[in-house]
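One structure below.
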Amino acid sequence: MIRSRGSFLFIAAALVAAPTMTGLVARQAGGSHMGAEVAKQLPAPAPDKAGTKFAKVVGWPKGATPKAAQGFTVNEFAAGLKDPRSLYVLPNGDVLVAESRGEPSRSPNRVTLLRDTDKDGRADTRSVLISNVRQPFGMLLRDDGLYVAATNALLRYPYKPGETTISAGGTKLLDLPAGGYNNHWTRNVIESADKSKLFISVGSGTNVDEEHVDAKDPRRAAVLEVNPDGSNMRVFASGLRNPVGIAIQPESRALWAVVNERDMLGDELVPDYLTEVKEGAFYGWPYAYFGSHVDPRKKGERPDLVAKAVIPDYSLGSHVAPLGLIFYTGSALPERYKDGAFISLHGSWNKTQFAGYKVVFVPFRGGRPSGPPEDVLTGFIKDPSGNEVYGRPVGLATLPDGSILVADDGGNVVWRIGAAK
């Protein structure tokens, strides 16, 4: 916990320091991050100028860590993992790590349990909780069942509090479309605000469906709604190219998502975004982006859908690849962080200069974004002029003590962000 004097100093510092904005947020619409303003001033598509800069992950030197912003600390919670993608904290404080990757033949295909027995902010025991599950990502404990969203199915495993391994096989509740374009293989799962339904996110199988295959499967590029037993699946919202991070905003109790947008239209197109996901809404993909901006590769195909496309709420910048999303409900950080969004930006490849590769915070007020994104954890890029990075942030979770965990699938580490004393 933070002493009151420390909280005051931390808040003062946060007010003095100008938050760092990312990508297009800093350059479009006079610096606005709000979707409607960004949509008015998007640049023209420039596919002939679409650049690439692929990151080479080199891992963290011994003793090195990412750089925490003023008011935060960072330490290694667990190292020596293999492709840690997603995190989930059980009621007793045990941390589940989905270890998986896009190449099926190289994926660990397991869920590992980490336990901090002495509560020093570092895991001291670990065990494989579930093995042989195809590219797991989303995890959810509900009653005595642990749900795991694999790339091809929603599974339910029997679970007893405190156990460190599950030998029973998972029960398949729902088939999901497997795999996807450019690593769109992750499937997330969370409960609705009233806990009566489950939401499952599924990415597209293509970039902009020039192949006309995604159009044949309405489950793609969508958030699905299903009963906890897997019945009555329906498309809750569509046109979301890759909505990996999904979460319920505590104040409004609405569903929000971070979405990876399309590639090969230029450095500043198309902005990745954070948005409320409204029932029955269509968010443009693949025919349009940020409202009625028609993708030139889909011109004339579906003017009816272009006309109904919803403008996302908040731009995070182009090609930053937001993957993790949590709303902060802990008590360790100052009040200004309450109900705001922490977002991991996995990092660009379809851009001439690196963008993303950090964790940011988006303040909320009244259930809506209320300010520009602020850097929380940086230092993942070894040298901006080169192509090497130490790691890449993905999943996020909050520990019972209010600190925040960050899965780093490049560095094979889980980091812990705390509040400075």
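If you wrap region 67-199's Cα atoms in a convex hull and average its projection over all directions, what's the area in nm²?
Reported value for the Cα convex hull: 9.8 nm².
Using the Kirkwood radius over C-alpha pairs as Rh, can you work out the diffusion coefficient of region 307-362 via Stokes-Einstein at 20 °C, viscosity 1.002 mPa s, in µm² per second?
On the way: Rh = 12.9 Å.
It diffuses with D of about 166 µm²/s by this estimate.
Can you bin region 296-421 into rounded, prolate or oblate? Criterion: square roots of the alpha carbon gyration tensor eigenvalues sorted a ≥ b ≥ c, rounded for a/c under 1.5, prolate for a/b above b/c, oblate for the rest.
Taking the square roots of the gyration eigenvalues as a ≥ b ≥ c, region 296-421 is oblate.
For residue 167 and residue 62, what is the calculated FRET efficiency with R₀ set at 51 Å and r taken between the beta-carbons, to the nearest 0.05? Don't jump to the answer; show the numbers that get you there.
Working: r = 36 Å, r/R0 = 0.72.
Rounded to the nearest 0.05, the efficiency is 0.90.
Given R₀ = 22 Å, FRET efficiency for residue 127-residue 79 by Cβ-Cβ distance, to 0.05? Show your work: numbers first, answer last.
Details: r = 16 Å, r/R0 = 0.73.
Plugging the Cβ-Cβ distance into 1/(1 + (r/R0)^6) gives 0.85.
GNM on the chain, C-alpha springs below 10 Å: top fluctuator among 364, 290, 327?
364
I want to check the label-to-label distance for residue 106 and residue 331. Put each point 7 Å from Cα in the C-beta direction and report it in nm to one decimal.
The two pseudo-label positions are separated by 4.5 nm.
Say R0 is 41 Å: what FRET efficiency, to the nearest 0.05, do residue 53 and residue 278 get from their beta-carbon distance? If you can, show how the numbers build up before the last one.
Working: r = 35 Å, r/R0 = 0.85.
In this case the efficiency is close to 0.75.
For the chain, what is the mean residue ellipticity at 222 nm derived from helices alone (per DSSP H run of n ≥ 4: -39500 (n - 2.57); sum divided by total residues; nearest 500 deg cm²/dmol)? Walk me through the numbers on the way to the answer.
Numbers: 3 runs with 25 residues, N = 421.
For the chain, the value works out to -1500 deg cm²/dmol.
From the square roots a ≥ b ≥ c of the eigenvalues of the alpha-carbon gyration tensor of region 4-419, which class results: rounded (a/c under 1.5), prolate (a/b over b/c), or oblate?
Values: a/c = 1.45, a/b = 1.12, b/c = 1.29.
Rounded is the answer for region 4-419, as its axis ratio a/c remains below 1.5.
Just 155, 269, 146 to compare: in a GNM of the chain, with alpha carbon springs under 10 Å, which one fluctuates most?
Most flexible of the set in this elastic network: 146.
Where does each of 358, 62, 308 land when they are ranked from fewest to most other beta-carbon atoms within 10 angstrom? Don't jump to the answer; show the numbers that get you there.
Details: 358 26, 62 5, 308 15.
Fewest-to-most Cβ neighbours within 10 Å comes out as 62, 308, 358.
What shape does region 134-238 take by its C-alpha gyration tensor, where a ≥ b ≥ c are the square roots of the eigenvalues and a/c under 1.5 counts as rounded, a/b above b/c as prolate, and the rest as oblate?
Working: a/c = 2.61, a/b = 1.70, b/c = 1.53.
The shape class here is prolate.
What number, in percent, do you get for the relative contact order of the chain if the mean sequence gap of Cα pairs under 8 Å and at least 6 apart is divided by its residue count? Intermediate values should be presented prior to the final figure.
Values: 1178 pairs, mean separation 84.0, N = 421.
RCO, the chain: 20 percent.
A short reminder: the numbers here are calculations on the coordinates, not readings from a lab. As the structure is a computational prediction, the values presented were derived from the model and not from experiment. Neighbour counts are summed over all protein chains in view; Cβ atoms, including those assigned to glycine, are modelled from backbone coordinates with ideal geometry.
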